Amino acid sequence: VKSLNIVRLTNLQKPVVRCQAVHNSSEAKKASEEDAEGLEREVLLAEGAKIMITRNVWTSKGLVNGAQGIVRKLWYYPGSNPRDVLPAVVFV
């Protein structure tokens with residue numbers, strides 16, 4: 001799946017953002033994806049990329065397993081360097 005996702009991101013011909021987890025403790029850094037309720041250590045995003053939620057996150061608002069969307073915009077705080085910081089907002 002990860003290989004296919006990389007091919008699809010490449011085919012978009014848009015900049016790809018590597019969003020790496022920021023851990024608040026050494027214990028969190030060692031946790032598995034299962035321990036973190038499905039949160040991955042790294043997520044690759046690009047405008048135009050299709051995304052899908054793989055766990056129920058906020059069921060009353062429709063953020064459920066299988067919900068899909070398209071990344072429309074990655075927004076950064078003015079003056080920040082996208083190479084150094086995570087996006088402030090990801091519009092889907």
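The values are calculated or read from the model by the stated rules, or taken from the named source; none is laboratory data. Keep in mind that this is a model prediction, so the values were computed, not measured. In this analysis, Cβ positions are derived from the backbone assuming ideal geometry, glycine residues included, and neighbour counts consider all displayed protein chains. Each accessible area value is taken on the protein alone, full model and side chains, heavy atoms only, with ligands, DNA and RNA left out. Shrake-Rupley method; radii C 1.70, N 1.55, O 1.52, S 1.80 Å.
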Of everything in segment 66-82 that's among the aliphatic types (A, V, I, L, M) and assigned to a loop (DSSP other than H, G, I, E, B), which residue is surrounded by the most Cβ atoms within 10 Å (Cβ to Cβ)?
-> VAL71
Somewhere in segment 28-35, is a residue modelled with pLDDT under 90, within 14 Å of the chain's Cα centre (by Cα) and more than 18 Å from PRO87 (Cβ to Cβ)?
-> yes
Working only within segment 1-12, note down all residues that are outside any loop (DSSP other than H, G, I, E, B), farther than 18 Å from LYS73 by Cβ and of a type outside the set (S, T, N, Q).
-> LYS2, LEU4, ILE6, VAL7, ARG8
Considering only segment 33-60, state which residues are touching a residue at least 24 places away in the same chain (Cβ under 8 Å) and open to solvent by less than 100 Å² (accessible area, probe 1.4 Å).
-> GLU42, VAL43, LEU44, LEU45, ALA46, GLU47, GLY48, ALA49, ILE51
Out of all the residues in segment 17-32, which are open to solvent by less than 70 Å² (accessible area, probe 1.4 Å) and aliphatic (A, V, I, L, M)?
-> VAL17, ALA21, ALA28, ALA31
What tally of residues in segment 13-63 results from selecting those that are in contact with a strand residue (DSSP E or B) (Cβ under 8 Å, 6 or more places away or on another chain) and assigned to a loop (DSSP other than H, G, I, E, B)?
-> 10
Given the structure, is LEU63 modelled with pLDDT of 85 or more, surrounded by 10 or more Cβ atoms within 10 Å (Cβ to Cβ) and either out of contact with any Gly (no Cβ under 9 Å at 6 or more places or on another chain) or under 21 Å from LYS2 (Cα atoms) (or both)?
-> yes
Residue pairs within 6 Å by beta carbon, gap of at least six or interchain, first lying in segment 73-92 and over 13 Å from GLN20 (Cβ atoms), second part of a strand (DSSP E or B) and among the small types (Gly, Ala, Ser), listed first then second, are VAL92/GLY69
